[in-house]
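Visitor: Below is the structure I would like to discuss, written out as structure tokens.
Read the figures in this text as sums done on the coordinates, not as results from a lab. No experiment lies behind these values; they were computed from the predicted model shown. Positions of Cβ are backbone-derived with ideal geometry, glycine not excepted, and every protein chain shown enters the neighbour counts.
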Amino acid sequence: EQSKDFIQKNTKQFQNNKFCKRVKVIYNKKNEGWTGAIDVGIKASMGEFVNWTNDDLVFQKNWLPKLLKHFKNNIAAVGPVSNFVAGIQDIHHSMPGVYEERANFLIGFCLLFRRKALDSIREGKNYVDPRFFPGGSDEIDACIKLRKVGWDLLIARDVFISHFGSKSLECLQEFQQN
């Protein structure tokens, strides 16, 4: 119960922050895992864009307007570069003068989706396949589905998000290193 008190205290602090007045905090009756929480959040959101964000990130100034600038034509999702991410979203793969790069998939530590793109891959009542509970590879599944129906994906090389890495699930026994 100590962790529950910690979460409630920090959630209150977050909600009282003057920059978070329009943020809605959703309390699930049971642990839905990352995948369930993302699905609930998408269903509760109302905007043209939906952001999947891990809880162990530090955002640079103007990260959101910079990501939004990359949405042209048929772009379904845009992901930033980071210090702790697999594949070509790693900051070390960036090249001078390259502002954006098409990708076959994006890593889900921080993804900005066009809502209508998510709507195009919704299966029944779910946006995120519950078989990926508690979390992991759900974003790859979404990217594959988006590409299959004709959407494009982009890496925003001008947006850096600092990522502490794998903190969201490390409290679960199956994700702990021996």
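Visitor: Residue farthest toward the positive end of the dipole of region 13-152, with Cβ of Lys/Arg at +1 and Asp/Glu at -1: which of ALA86, ILE107, ALA37?
Guide: Going by the Cα projections, it comes out as ALA37.
Visitor: Using the Cα centre of the chain as the reference point, and only Cβ charges (+1 on K/R, -1 on D/E), how large is the resulting charge dipole? Debye, rounded to the nearest 20.
Guide: Values: 26 positive and 20 negative charges, 176 e Å.
The calculation lands at about 840 debye.
Visitor: Quick one: Karplus J couplings for region 67-78, per residue in order, coefficients 6.51, -1.76, 1.60, θ = phi - 60°, nearest Hz, x for Gly and Pro?
Guide: Calculated HN-Hα couplings, in order: 5, 4, 4, 7, 7, 10, 6, 9, 7, 8, 8, 10 Hz.
Visitor: Kindly write out, for region 108-123 in residue order, the coupling ³J(HN,Hα) from the Karplus curve 6.51 cos²θ - 1.76 cosθ + 1.60 (θ = phi - 60°), rounded to whole Hz, with x marking Gly and Pro.
Guide: Each residue's phi maps through the Karplus curve to give x, 5, 7, 10, 10, 10, 7, 4, 5, 5, 4, 4, 6, 10, 4, 10 Hz.
Visitor: Based on DSSP, what percent of beta bridges with both residues in the chain are antiparallel, to the nearest 5? Don't skip to the answer; put the middle values down first.
Guide: Details: 15 of 23 bridges.
Here the share of antiparallel DSSP bridges comes out near 65 percent.
Visitor: Related question: So how much slack lies between ASP55 and PHE164, counting 0.36 nm per residue of separation and subtracting their Cα-Cα distance, in nm?
Guide: Working: separation 109, 0.36 × 109 = 39.24 nm, distance 0.92 nm.
Answer, rounded to one decimal: 38.3 nm.
Visitor: What percent do you get for the relative contact order of region 85-174 when only Cα pairs under 8 Å and 6+ apart count?
Guide: Values: 74 pairs, mean separation 38.0, N = 90.
After rounding, I find 42 percent.
Visitor: Can you tell me the FRET efficiency between GLU48 and GLU123 if r is taken as the Cβ-Cβ distance and R0 is 22 Å, rounded to the nearest 0.05? Working shown, then result.
Guide: On the way: r = 21 Å, r/R0 = 0.97.
Here the calculated transfer efficiency is 0.55.
Visitor: Restricting the calculation to Cα positions, tell me the Rg (one decimal) and the Dmax (whole number) of the chain in Å.
Guide: 16.4, 50
Visitor: Given Cα pairs under 8 Å that are at least 6 residues apart, what percent is the relative contact order of the chain? Present the calculation step by step, with values, prior to reporting the outcome.
Guide: Values: 255 pairs, mean separation 57.4, N = 178.
32 percent.
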